[in-house]
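Just so you know, all these numbers are worked out from the coordinates, no wet-lab data involved. Predicted model, so just to flag it, every value in this text is computed and none were measured. Reconstructed Cβ throughout: ideal geometry from the backbone, glycine too, with neighbour counts over all protein chains shown.
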Amino acid sequence: MAKRIDVSGLTAYYGSHKAIEDISMTVEPRSVTAFIGPSGCGKSTFLRTLNRMHEVTPGGRVEGKVLLDAEDLYGAGVDPVSVRREVGMVFQRPNPFPTMSIFDNVAAGLRLNGNYKKSELNDIVEKSLKGANLWNEVKDRLNKPGSGLSGGQQQRLCIARAIAVEPKVLLMDEPCSALDPISTLAIEDLIGELKDRFTIVIVTHNMQQAARVSDRTAFFNLAAVGQPGRLVEIDDTERIFSNPSVQATEDYISGRFG
Amino acid sequence: MSTAAVTDKRGGSLSGARLPKWSPWAIAAGSVAVAVGIGLGAGLGSEVQWGLIAAILFVLGTYGVAARVEGRRQAKDRVATSLVWVAFLLAVVPLVSLVWTTVSRGVKVLDVHFLTHSMGIVADTETGGGIYHAIIGSLEQVGLATLIGAPIGVLTAVYLVEYGRGRLAQAVTFFVDVMTGIPSIVAGLFILSLMLILELDPFGFAGSLALAILMMPVVVRSTEEMLKLVPNELREASLALGVPKWRTILKVVLPTAIGGITTGVMLAIARIAGETAPVLLLVFGNPFINTDPFEGAQASLPLYIYQQYAAGGDAAYDRAWAASLTLIAFVMILNLVARGIARWKTPR
């Protein structure tokens, strides 16, 4: 079910501003890949190119190739909408739909896409909420608004919403940055469970988090101020955190950055 | 007392002397008394002059007393507070006076007979008659105008916020701004010129067209503001689920903003419900009941008020006031409904 991502020579722009340059990497299926690096180095931009959310921003455009199991996401005639059904996303701040109940939030992807059977909907919602470790907390109030949950619960609700449409890849853009340590732990445990079914890519500013949850880690950096961001190196997490091959990575990880 | 207060203030503690809570009322009462005294003494006939003198005395008195007891900063604060209150009263007095006049004069002939009968067999100089025909006309004309104006307005706003980029969007925004400033009589003349070309006689729907022109820019503006308030994160969340853009707008963006959009539409309806000029040009007025907005002259409430007042005589004046009261009540009910919908639809 999970799919491999192959990126080659990817450059992304905002209007005339080049945000990231010439990035190539492979993301293995059924693994967790973490992106680390200083703010503004293009981690999130790169993540958003992986499900064509980058072009939603006015002026956003992309050069290069992103292969999802050998199919180019930016090939001619590829519909961004179907790309996003394959590659789901969880955002930095929890963003449940305020007009919908908890149940409707999880069912939103299926309902809005229109391809579901009524009889299956209850099962899918229950399965997704269980998959997001939220079922026991909300099963008695599925018809209450999703905005009434705590921040950590809202974020798990968003994860449930994302996995309800059965994507092949799950992108997470700093999913824990707005959460307390307990909720963060809950989400990290969840990531560990989800990687059996999905390919997971997570952007994080928390080095310990990257070390805890990921199998592979990619370090991004700016070549210089005002230059586009680029990939410095990608390797097994253990190696990146113990013996990275580039000095800049070691400096960043050990806090000697800048 | 004031000496002790001054000593307290110089003590350097954080709590200074404070005027008692009742002091503004005492100062107000004192300044009114003095103003009445001055007015009677100087033989000023007008109560407006008395009121002005009282207001000036009140502001000066507040400043003087507060500056002496509490210090200059607090005195300025109290003067600013009293100026805000004066502004508030100036704004409320005409409103209350208008509603009071309309209600007190309007209830005289406002009854079931008045609401259910037309002016068909009643001369303007006689008593009796009613506004049934005008209510029918108003409801039909405003209803049809809303059916045309509200969807076009909302869809234009959706275009401007969700799709519009570059020249076209700028042009649309510009023309919407221009349309907001169109005087209602000009909108009426525009439709009238079309009617003259097509050689049509006045009918209700022509008025609806002019009212729709007046309504559209108001709806566009308010809907635009409401759509801009919808967080971009919700759009992205929906798009990231693989939902097409049009469905995102329909199922996520519009429901989130529906409360504000409804309020905007209701306010626009309230605005056009009181328009007289285009109705006078295009619908002409009709003392008989005409329920067909597409054929023949109709009446409407604002036009009825105008015509009754122009006719003159006590009976006609009473009817004009009663119709005014009905119109105000109609607009007020619409506003209450809009607020109710907004509260009911706002996510909690």
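Details
- Helical mean residue ellipticity (222 nm; -39500 (n - 2.57) per DSSP H run of 4+; nearest 500) of chain B: -25000 deg cm²/dmol
- Between residue A:30 and residue B:147, the FRET efficiency from the beta-carbon distance, with R0 = 45 Å, is close to 0.20.
- For region B:1-160, the Rg and Dmax computed from alpha carbons only, in angstrom: 27.9, 84
- Taking amide H positions as modeled 1.01 Å from N, with prolines and chain starts lacking one, the residues under 5 Å from residue A:89 and 5 or more places away or on another chain are A:171.
- A simple charge model with +1 on the Cβ of Lys and Arg, -1 on the Cβ of Asp and Glu and nothing else charged puts the dipole of chain B at about 2180 debye relative to its Cα centre.
- When the Cα gyration tensor is reduced to axis lengths a ≥ b ≥ c, the ratio a/c is 1.5 or higher for region B:16-106, and with a/b not above b/c it is classed as oblate.
- Spatial separation of Cα centroids for region B:181-217 and region A:68-107, in angstrom: 47 Å
- Taking every residue in B:227-240 and counting other chain Cβ atoms within 10 Å of its Cβ, the average works out to 5.
- Spatial offset of region B:262-297 relative to region A:226-250 amounts to 72 Å, using the alpha carbon center of each.
- Of all DSSP beta bridges confined to the protein assembly as shown, the antiparallel ones make up roughly 55%.
- Ranked by how many other beta carbons lie within 10 Å on average, peptides A:240-252, A:85-97 from highest: A:85-97, A:240-252
- Most positive-pole-ward Cα, A:5, B:109, B:51, against dipole of the protein assembly as shown from beta carbon charges: B:51
- Sorting the segments A:103-113, B:285-295, B:209-219 by their mean number of nearby beta carbons within 10 angstrom, highest to lowest, gives B:209-219, A:103-113, B:285-295.
- Per-residue shielding of A:88-95, expressed as the average number of other chain Cβ atoms within 10 Å of the residue Cβ, stands at 4.
- Ranked by how many other Cβ atoms sit within 10 Å of their own Cβ, fewest first, the residues B:53, A:163 fall in the order B:53, A:163.
- In units of the rule-of-thumb radius 2.2 N^0.38 Å, region A:10-124 shows an alpha carbon radius of gyration of 1.23.
- Contact order for chain A, expressed relative to its length and based on alpha carbon pairs under 8 Å spaced 6+ residues apart, stands at 27 percent.
- Peptides B:129-136, B:176-183, B:244-251 ranked from most to least packed give B:129-136, B:244-251, B:176-183, packing being the mean of other C-beta atoms within 10 angstrom over each peptide's residues.
- GNM top mover of B:208, B:31, B:238 - chain B, alpha-carbon springs below 10 Å: B:31
- One equal scatterer on each Cα of region B:144-279, no solvent, Debye formula: the resulting log10 I(q)/I(0) at q = 0.22 Å⁻¹ is -1.25.
- Among B:319, B:105, B:72, residue whose mean-square fluctuation peaks in a GNM of chain B (springs only between Cα atoms under 10 Å): B:72
- Charging the Cβ of each Asp and Glu at -1 and of each Lys and Arg at +1, and nothing else, the dipole of the protein assembly as shown about its Cα centre rounds to 1540 debye.
- Counting Cβ atoms of other protein chains within 10 Å of each residue's Cβ and taking the mean over peptide A:102-113 gives 3.
- Degrees, to the nearest 10: A:118-131 long Cα axis against longest axis of chain A: 50 degrees
- Footprinting exposure proxy for B:124, A:123 (fewest neighbouring C-beta atoms within 10 Å first): A:123, B:124
- Here is the P(r) of region B:298-348: all C-alpha pair distances, binned every 5 Å from 0, give 5, 20, 19, 15, 11, 9, 8, 6, 4, 2, 1 in whole percents.
- Helix axis angle, B:301-311 relative to chain B longest principal axis, alpha carbon, degrees: 80 degrees
- Across region B:116-344, Cα-Cα pairs more than 28 Å apart make up 39 percent of the total.
- Acute angle (nearest 10 degrees) that the helix B:23-42 long axis makes with the longest principal axis of chain B, alpha-carbon atoms: 90 degrees
- The protein assembly as shown pair-distance distribution - Cα-Cα, 10 Å bins, rounded %: 3, 12, 16, 14, 14, 15, 14, 9, 3, 1, 0
- Cα gyration tensor shape for region A:99-258, rounded if a/c is under 1.5, else prolate or oblate: prolate
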